[in-house]
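The block underneath contains the structure these notes are about, expressed in structure tokens.
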Amino acid sequence: MNEGFLRQSSFSKVDRYCSPARQVAMLTVLLHFMDRAEAAVQAGMPPARLAEMKILRQLQRLGEEFGETDLKRLTLLPREIDYEFDVLQPVRSHVR
């Protein structure tokens, strides 16, 4: 998750500048994911299942996908994270 927050490209029109408000919004989203991930793993979810979540790619590219004009959209990401965790099911083995 660090790369979603720490990576910044000076060559990108979207990511070359990041206001404090955008930094706070991005960090809030990432911390929310990490809290949910920690709780899931402690509840027995295999970490490999978390690595398969669709939202991960978006989180890794927060700086590129959410510019200064996208702060409202960025604040909606925790709901998407919650949804993905709520429907996440562990892979069940078929051992009899």
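With a cut-off of at most 13 other beta carbons within 10 Å, and DSSP calling the residue loop, which trypsin sites (Lys or Arg not before Pro) in segment 22-87 qualify? Please list them. Provide the component values of the computation, followed by the final result.
Details: sites: Arg22, Arg36, Arg49, Lys54, Arg57, Arg61, Lys72, Arg73, Arg79; in loops: Lys54, Arg61.
In loop regions of segment 22-87 (DSSP not H, G, I, E or B), the sparsely surrounded trypsin sites (Lys or Arg not before Pro) are Lys54.
Please list log₁₀ I(q)/I(0) at q = 0.16, 0.26 Å⁻¹ for segment 26-96, using the Debye equation with identical point scatterers on the alpha-carbon positions.
At q = 0.16, 0.26 Å⁻¹ the computed log10 ratios are -0.58, -1.24.
Order Leu62, Leu76, most accessible first, counting only protein heavy atoms with a 1.4 angstrom probe.
Working: Leu62 0, Leu76 65 Å².
The ranking, largest first, comes out as Leu76, Leu62.
Which GluC sites (Glu not before Pro) does segment 30-91 hold that lie in a coil by DSSP with at most 14 other beta carbons within 10 Å?
On the way: sites: Glu38, Glu52, Glu64, Glu65, Glu68, Glu80, Glu84; in loops: Glu52.
In loop regions of segment 30-91 (DSSP not H, G, I, E or B), the sparsely surrounded GluC sites (Glu not before Pro) are Glu52.
How would Val24, Val41 line up by accessible area, probe 1.4 Å, largest first?
Values: Val24 95, Val41 60 Å².
These residues rank, largest area first, as Val24, Val41.
The values are calculated or read from the model by the stated rules, or taken from the named source; none is laboratory data. What you are looking at is a predicted structure, and each value in this text was computed from that prediction instead of being measured. Glycine gets a Cβ as well: all are built from the backbone with ideal geometry, and neighbour counts include every protein chain shown. The area values use the complete protein model at the heavy-atom level, side chains included, leaving out ligands, DNA and RNA. Shrake-Rupley method; radii C 1.70, N 1.55, O 1.52, S 1.80 Å.
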